[in-house]
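Down below is the structure, laid out as structure tokens.
The values are calculated or read from the model by the stated rules, or taken from the named source; none is laboratory data. Keep in mind it's a predicted model, so treat the numbers as computed, not measured. Here the Cβ positions follow ideal geometry from the backbone for every residue, glycine too, while neighbour counts run over all protein chains shown. Surface accessibility is based on the protein's heavy atoms, side chains included, excluding ligands, DNA and RNA. Shrake-Rupley method; radii C 1.70, N 1.55, O 1.52, S 1.80 Å.
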Amino acid sequence: MLFHRVGVDTVGELLSYYPRTYDVYQEPVTFANLETEQVQAVTGFVRKVPAVNKTGRYAVTTVVLEEFGAFLHLTWFNMPYLKNSLSPGSTYIFRGRVQKKKGRLVMEQPEFFTPEAYQEKLNTMQPIYGLTAGLSNKTISKAVKQILDGRDLNPEYLPEAIRRDQELAESNFALQTIHFPVKWEDLILARKRLVFDEFFLFILSLRQMKEAAKTKKNECSMKPAKETQRLLRALPYELTGAQKRVWSEIKRDLNGARVMSRLIQGDVGSGKTVVALMALLCAVGNGYQGALMAPTEVLARQHFQSIQEMLAAAEISAKVAVLTGSLTAREKREVYEAVENGQTDIVVGTHALIQEQVRFCRLGLVVTDEQHRFGVRQRETLAGKGSSPHVLVMSATPIPRTLAVILYGDLDISVLDELPANRLPIKNCVVNESYRASAYRFMEKETAAGRQVYVICAMVEENPELELENVVDYTKKLKEALNASIRVEYLHGKMKPAQKNEIMERFAAGEIQVLVSTTVIEVGVNVPNATVMMVENAERFGLAQLHQLRGRVGRGTYQSYCIFVSGNDNPDTRKRLEILSRSNDGFYIASEDLKLRGPGDFFGIRQSGLLEFKIGDVFTDAGLLKAASEEAEKLLGQDPDLSLEAHRALKKRLEAYQKAGTGGVSL
Ligand code: ADP
Ligand code: MG
């Protein structure tokens, strides 16, 4: 059940639930060598029974260590029983992230060991998995170990020549090593192999899909429709040249000989939604139904509302419905019925759209928004609900064309390379915490002028409990710091979908002026009246992610501002963040980030978890992606259906991948 929450339902999925990073247990340091933001170990003498205090909803256990007049404060949340495990008069090794709070050096939630136990851990690499509340790192690593120990080794399935030419490690070794590495060099090799496999299988499947699509006739031929024209006439703006060009490509496909499979690639704010709506209306005008799938409930709701508004303004009578997880069973049933009997023309929704119960009566077009958040398989499942409907996918992934051609190998690509003309470039600044007060004054000024503000707090991955605390606490403090008449609310991942929707709707309606949020608003959210994006602890985010966040402002005619607040004064952090001020080009940003961090830093912040890759990163591993693509090309050139004896194991592996999608792992 808990494993399910992190997307692990089968043994194969567990094995490909790769560690997020690794922890190396290093020698304890002296207090004089403590460095903030570093995970370090210290040797500490516990003088007395730890104190437990109630603050707010948490019981906080505190120990203060002293060494030659320097102090280190250790705190644990909601672990009052610790007081009995740390005995006065004993020495322990404490290990955790060093932080500076109110002028004091602190470690929150440090691990602790007896000196003997620590000696055993010293210099070993421990896997760190992505966690969810209630599922501990120990539980995951134990489960993985059990499976790995008890499993029969799989035969190698990559052709010998590929392994040799690409210098790839053996597959069983790679799997064992990625979870339990013994040394760094092995880990690099293991990762390389798994990344290669992931890309390779992905590309092989795409190629097969492309071959299959080539022969698919257009069974839902669509002529230009008056609904689309009407929408255009009613829009308060004129389409950009790029939007017009892309639309003409889509129009040609819809009416062409083969079924459409097209990607619209366009940076944040380039106006993809309206193009999708034009296509959906063309379907409706031709008597077909259309579906639009978005990766989050917030985004689906937003699309639903803005589509309804646009249709009302243009006096188009198409019936639109929304289908998301948070509808009641009864509401869902009503939508299923209306979609099945054809009353609904356009249905907008989340993954809920690909549930079994959803049946269409004459589905002619499916659109997926922010495709990089979905798997190819989900896109296919939705398309499978009609008899070969047209497929349009949209993505803001800032990747150069050469990579897009590989990653979206089964699609034709249209590029929206022009922002609407009314946009002013966003003004950026990178500041430290001392600037916060001025930033607040600035927010007051913008809200007084009628604008709106986002403030983003970092997720607290080590302790999901604290994420909520972070946002709620911050909001409280912010309310005190701002003019009392300003309406501030918060949003975080743990809220019920219905609550999230309500907050988002109130923000979109301008009722909420300042929205404090985690990155749940990262994708697609469109509130053109918002002009300030302030990101706290910006150093904890990947630059590509910060670029996405920045894309939430500058979506209207007003001058917009991004304030990246860095939680430390480290010059490297600053240098990294300043890349953002220099450029608005998502790919440039991602590649500069990579250069600064260096290739050794494979396991740092993942750029953005693009597509469904579990270990590969299209930015960091662009070289391997190209290599995998070339090898796939070569292989299919020799043996298009992988029918040679030498490719039998690979074929089997590919089938398993397509069926289960377990990354590079088979059982
Ligand atoms: P994205 O490509 O990031 O999905 P959206 O489709 O959400 O962008 O569009 C962003 C904003 O730009 C919306 O408020 C939309 O109404 C507006 N917009 C779209 N096209 C144009 C245009 N040609 N001129 C002016 N504004 C536009
Ligand atoms: Mg969008």
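May I ask you to derive the relative contact order of segment 17-135, considering only C-alpha pairs under 8 Å and at least 6 residues apart, and to give it as an integer percent? Display every interim value, and only then the final one.
Values: 237 pairs, mean separation 39.4, N = 119.
The value is 33 percent.
Around Y558, under 11 Å between beta carbons, what's the net of Lys plus Arg minus Asp minus Glu among the other residues? Can you show the working numbers first?
Values: positive: R423, R451, R555; negative: E446.
Its environment carries a net charge of +2.
What FRET efficiency would be calculated for the residue pair T557, H73, taking the C-beta separation as r and a Förster radius of 56 Å, to the nearest 0.05? Please list the in-between numbers first.
Working: r = 49 Å, r/R0 = 0.88.
Once rounded, the FRET efficiency stands at 0.70.
Between K244 and R47, what length comes free when the chain is fully extended (0.36 nm per residue of separation minus the Cα-Cα distance, one decimal in nm)? The partial results should precede the final answer.
Values: separation 197, 0.36 × 197 = 70.92 nm, distance 7.32 nm.
Between K244 and R47, full extension yields 63.6 nm more.
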Extending each Cα 7 Å along its Cβ direction at S317 and K659, get the distance between those two points in nm, one decimal.
-> 5.0 nm
So if R0 is 45 Å, what FRET efficiency would A212 and E309 give, r being the distance between their Cβ atoms, rounded to the nearest 0.05?
-> 0.70
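What is the extension gain from D417 to A437, computed as 0.36 nm multiplied by their sequence separation minus the C-alpha to C-alpha distance, in nm to one decimal? List each step's numbers first, then the result.
Numbers: separation 20, 0.36 × 20 = 7.20 nm, distance 3.76 nm.
Length difference between fully extended and current span is 3.4 nm.
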So which lysines pass the test for K54, namely a Cα distance under 22 Å, with those fewer than 8 places away in the same chain ruled out?
-> K83, K100, K101, K102, K476, K477
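Antiparallel versus total DSSP beta bridges in the chain: what percent is that, nearest 5?
40 percent
Over the chain, what relative contact order in percent results from Cα pairs under 8 Å that are six or more residues apart? If you can, show how the numbers build up before the last one.
Details: 1172 pairs, mean separation 95.4, N = 667.
Relative contact order comes out at 14 percent.
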Could you check how much of the accessible area of segment 21-122 is carbon and sulfur, as a whole percent, using a 1.4 Å probe?
-> 51 percent
Rounded to the nearest 0.05, what FRET efficiency do L235 and D639 have when you use their Cβ-Cβ distance and R0 = 51 Å?
-> 0.50
Round to the nearest 10 and report in Å² the accessible area of E418, as given by a 1.4 Å probe over the protein chains' heavy atoms.
-> 80 Å²
Taking 0.36 nm per residue of separation between L424 and D585 and subtracting their Cα-Cα distance, the length gained on full extension comes to 56.4 nm
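Would you mind finding the longest exposed-site-free stretch of the chain, with exposed chymotrypsin sites (Phe, Trp or Tyr not before Pro) meaning DSSP loop and at most 12 other Cβ atoms within 10 Å? The partial results should precede the final answer.
Values: sites that count: F68, Y81, Y237.
Between exposed loop sites, the widest span is 238-667.
Share of antiparallel DSSP beta bridges in segment 214-416, in percent to the nearest 5?
On the way: 1 of 28 bridges.
Rounded to the nearest five, the antiparallel share is 5 percent.
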Keeping to pairs on different chains or 8 or more places apart, tell me how many lysine pairs in segment 214-416 have Cα atoms under 18 Å apart.
-> 13
Where in the chain are the helices, taken as whole DSSP H runs, whose Cα atoms extend 27 angstrom or more along the long axis and whose Kyte-Doolittle mean reaches at least 0.0?
-> 184-214
Starting from the Cα of K479, step 7 Å toward the Cβ, then list every residue of segment 54-95 with an amide N under 16 Å from that point.
-> 56-57
